[in-house]
Amino acid sequence: VQLQASGGGLVQAGGSLRLSCAASGRIFSINVMGWYRQAPGKQRELVARITSGVTPYYADSVKGRFTISRDNAKNTVYLQMDSQKPEDTAVYYCNVVGNWGGSWGQGTQVTVSS
């Protein structure tokens, strides 16, 4: 199973971006879909995670600003990022766990200028 992420880019502080990540391949079921990020010199951290029937999880640093959602018919997860801050600058990775195990997307750069 492969993941294709898109939607990164450059945005000014206070702006918005929407990331998408589509899974393709021999998919019979998906359990968890999530977004992680890694800033230069820092460890990769979980940003948001969504599981069917469970309240989505958000890191404290993005609560109230980011929204994760999924389209099960398209095997796609989204991350709507609003009111962005310079500290949101990082490479964002999607992660999907399902019947095959788990996969990571290739990473998409998000840069927020002050």
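Here the dipole of the chain is about 140 debye; that uses its Cα centre as origin and unit charges on the Cβ of Lys and Arg (positive) and Asp and Glu (negative). Relative contact order of the chain, taken over Cα pairs closer than 8 Å and 6 or more residues apart, is 38 percent.
Show me the chymotrypsin sites (Phe, Trp or Tyr not before Pro) within the range 1-105 that DSSP assigns to loop and that have at most 10 other Cβ atoms within 10 Å of their Cβ.
Taking the range 1-105 and a limit of 10 other Cβ atoms within 10 Å, the loop chymotrypsin sites (Phe, Trp or Tyr not before Pro) found are 28.
In summary, the aspartates and glutamates within cross-link reach of residue 63, defined as a Cα separation below 20 angstrom excluding same-chain residues under 8 places away, comprise 45, 82, 87, 88. Sites listed here are trypsin sites (Lys or Arg not before Pro) in the range 57-89 whose DSSP assignment is loop and whose Cβ has at most 15 other Cβ atoms within 10 Å: 63, 65.
Readers should treat all values here as calculations from the given coordinates under stated rules, not as data from a laboratory. These numbers come from a predicted model, not from an experiment. Cβ atoms come from the backbone with ideal geometry, glycine included; neighbour counts cover every protein chain shown.
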